Structure formats: C-alpha cells, structure tokens
Amino acid sequence: MAETMKRSWCDVVWNPWLGRSGVRRKTSEANWKEPLAWNRSAEICNSCRREPIRPRLRDFPGVTVLARKTRPRVFVGWLMDLFENWQGPIVNAKGERLVRCTTGLMAGYRTTKSLGIQRLTKHWGQWATMADVRRDAFRVFDQCQNLDFILATKRPENIRAMWYTDQPHSSKRLEAFPYRQNCWLLYSASDQETLEAGIGSLLECRDLAPVLGLSLEPLVGPIDLTPWLSRVCCDGCNTDTVAEGEEHELVADGDRFPDLCGYGRRFPGIDFVICGGESGPNARPMEIAWLRDIVEQCQAAGVACFVTQDSGPKPGQQGRIPDDLWNVKQFPEVAA
C-alpha cells in the first residue's frame, strides 16, 4: 500500500504488509512493484540532471522531490513495523493464508486454493512467515539504490538480528551484516522513558546505515537528548568545547598546561530528529516548551531536526507552534 501522506519529511509511504487487527496482511504484488518504478524515475532524473518531463513525474507520487533534484525518501513503517517479531500467519487481502513457493512457475506467494490443493504439502513449499516477507522487502531496498528508505521501528533491539543478509548471521563476522547506504534507521519514542529503553540498541547499528535518528512523534513529555547527540570533544581531556580538527591545550582545574592535549574529534550519536505532537480525535497535548527544548538541543549539537506538527485533531497543522520552530525543516547530509 503506497500513498502520499501529510508527512513533509518523506515523499511517499510504502508498506510491505499491514499489521492491524491482530493479523499481518501482505500487500498486493502491484504495490511491491511500485518502488522499482519510482527508482527508475529517479534514475532517469539523475542521468539527465534536469527536471524530468511531466509524464515521468506521474510515475512517482512524490513529484516535489524530483523537481528539487534530491533523492526521493520513502517511509517504511506506517501501520507496520519492519522489525516486529510476528509469529502468526501471513494472509492476503481476502484473509487467506499465504504459502511460500520457491520453485517452478508457481514461485512466489500463493494460497492453497490457487495451488489447487486442500492442504499444504512439502511439494508446494511452506507457510509464508514474517521472515519471508521481510527478506523480500530488503531485496527491494537493495534493488532501489536511487531511493532512500526511512525505516522506523519501536523495536530497535531486533534490528541487527533481522537485518537481511545472504550470509548466516554471526556476532564474530561483521561482514554478515551489510551496510546499506540507502536505508535510514529511526527509533520511535514519545518520552524520556521510551527513549532510554531503546536508544542504546539503535546506536549499536551504526555499522548498518548512514543515518540513525529518532521519531519523537507523538511527543508527550519533555526529553533530554544530550547524552546521545553527536558531539565534538577530545578523548584526552574529555572536553566538549573544542572544534572538530582544532588543536587545543590541556586545561585542568583552571591551570593551563603548556603541552597540547590533542585534537577535537567527532563522536557519532544521533544524526536526525523528527519531533511533533499527536494528531487525532483523542490526541494527547504537547507543550511547546518540550518542542523548543528539543530543537535547541539539536541546534547546539549541529544535529538535523524536523518539526512536523502541533497536537490536535488534524495532522500536519502548525497550530500553536511559533514560526521560528515551524520553519525548522532540516535533513542530515549523507555522503554519497
């Protein structure tokens, strides 16, 4: 299910499956082919290095991103979580349980009815699992190198175990966990308690993706991000008042030592923060002071921050948010 959303920090939403009502429904084959079409459209735009002609723009719902010549951003995580540990059946739109066929003309996802059998046998494959669908989603990511996929999760502790690779996972073999340049990882938290519960697991994934971020939406309480923001400091005297690459003198108890301590070095932390209030008929209120504090923390650390919305019944509304906060729409710079 792909559709444009009122999410100004992405261009389109793509869901490999939907996860409501206690079932996991794999989306249609047409939906699974859409990222490939968007990728081709973005590739054409990159090759000609000019604004694509209008017929090509129709191939990609996020027209504005192609027009401004930036990489399209695809949000994966609306109504589903890529890293959930679902053990139940995978069904189609009709609620029929899916079978994973691996050989022959029937390869793919089928139902026992379409296979012409009454029950599953070894000859026809196995019942489809979440691991099957997740593996195929990662294969889509790998095929679409002209798109950036934003993967949001409430379960960062599962990321490494579920990070797809053709090689067997091993804690002693880092190459078993491939680095994906076109995937961003976001941990969804709403207050200090939920942040601290999963931030450590997210930061352990630095070797998997170029961007590690936070989705603080809905924001329902004050949050101190300081310990986990990227910062420049010296690992010799542990001061954070130096600039990156700047040589400085060792200072202790107000006395300046003649010898130089070392150079300022950047210690990686969170690269990107999305923050905003809750929307809907029962939206919990967000205090503007919480929002301003997060923005100021990010600005002090040089971390990209994107303010999305005020709390209220309708999504994407500025509401009570003053203009100086509402205009904070930043993205991290990612090296090619």
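Ranking of Ser8, Ser279 by neighbouring Cβ atoms within 10 Å, starting from the fewest: Ser8, Ser279. Normalised by 2.2 N^0.38 Å, where N is the number of residues, the alpha-carbon radius of gyration of the range 290-334 equals 1.19.
Past 28 Å, Cα to Cα, is the threshold; run Lys154/Lys314; Lys94/Lys314; Lys33/Lys314; Lys33/Lys154 against it and keep the listed order. Exceeds cut-off: Lys94/Lys314; Lys33/Lys314. Placing pseudo-labels 7 Å out from each Cα toward the beta carbon at Gln192 and Gln145 gives an inter-label distance of 4.5 nm.
A short reminder: the numbers here are calculations on the coordinates, not readings from a lab. Just so we're clear, the structure is a prediction, and the values are computed from it rather than from any experiment. Cβ sites come from the backbone with ideal geometry, for glycine too, and all protein chains shown count toward neighbours.
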